[in-house]
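Structure, as structure tokens:
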Amino acid sequence: MKVLAIEDQPMAALQLTAALRALGHEPESVKDGMTAWELLRQQPFRVVVSDWRMPGIDGLDLCRMIRQRGGEYVYFILISAAGVTRETREAALQAGVDDFLAKPIDPDELGMRLHVAERILGFTAQVKQLESFLPICGYCKKVRDDKKYWKEIEAYMSERDGTRFSHGVCPSCYDRVVVPQLKQLGIDSPPAGKDLR
């Protein structure tokens, strides 16, 4: 798994990168939050392991920026040299941090955290896939919304993302439905494929 590692202390960065490689991951190491942010905007990383205290954009700021950006979920592990107090833990959770590690990094602890990250990211991928399914009636083509109500697809799409529809008749429906109706009324039908809008 690709992991973005952010650590401003050179020795700690080497240790973190070595531990990630030894655990079978592909680390990309940077030394500050701004460089990490730029890299995250260019490449997909599903896991970030970041030092808390750094000059400029610190770990909490970076986590907030990632959460505000949205998109695919990024699992964020925060590293702290100082003990994590109730107040600092609350601040980190409010920023969107998923997990904590104390310095110096224990490779076994890091491995367990990354194992949990992989499982959670797998679950988020499954949820995203399930959310992409849209229940639609095979007869009337109404769709079921999140509140279990059946709606015309036009109303559903309009409420969900503002999509507006124009209506027409496809060539097969024109031949199958419209032509027989016109014949019943004694009207000669225009040639098939003519745009009826």
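Where a number appears in this text, it was derived from the coordinates with a stated rule and is not lab data. Everything numeric in this text was worked out from a predicted model, so none of it was measured. In this analysis, Cβ positions are derived from the backbone assuming ideal geometry, glycine residues included, and neighbour counts consider all displayed protein chains.
Data table
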read-out: Local electrostatic count at Lys31 - Lys and Arg +1, Asp and Glu -1, tallied over other residues with Cβ under 11 Å; value: -4
read-out: Residue-by-residue Karplus 3J(HN,Hα) for the stretch 25-31, coefficients 6.51, -1.76, 1.60, Hz, glycine and proline x; value: 9, 10, x, 10, 9, 10, 9
read-out: Shape call, the stretch 2-131: gyration tensor on alpha carbons, a/c limit 1.5; value: rounded
read-out: Over the chain: helical MRE at 222 nm, DSSP H runs n ≥ 4 each giving -39500 (n - 2.57), nearest 500; value: -13000 deg cm²/dmol
read-out: With at most 14 other Cβ atoms within 10 Å, longest stretch of the chain clear of loop chymotrypsin sites (Phe, Trp or Tyr not before Pro) (DSSP); value: 1-132
read-out: Overall form of the stretch 1-52 per C-alpha gyration tensor (a/c, 1.5; a/b vs b/c); value: oblate
read-out: Neighbour-limited loop hits for GluC sites (Glu not before Pro), the stretch 10-84 (at most 14 other Cβ within 10 Å; DSSP other than H, G, I, E, B); value: Glu72
read-out: Trypsin sites (Lys or Arg not before Pro) within the stretch 1-84, DSSP loop, no more than 16 other Cβ atoms inside 10 Å; value: Arg53
read-out: Net +/- balance of residues flanking Ala13 in space, Cβ distance below 9 Å, scoring K and R +1, D and E -1; value: -2
read-out: Computed over the stretch 44-197: relative contact order in percent, which uses C-alpha pairs under 8 Å that are six or more apart; value: 14
read-out: Bins of 5 Å from zero: percent of alpha-carbon pairs in the stretch 117-171; value: 4, 16, 18, 19, 16, 11, 8, 5, 2, 1, 0
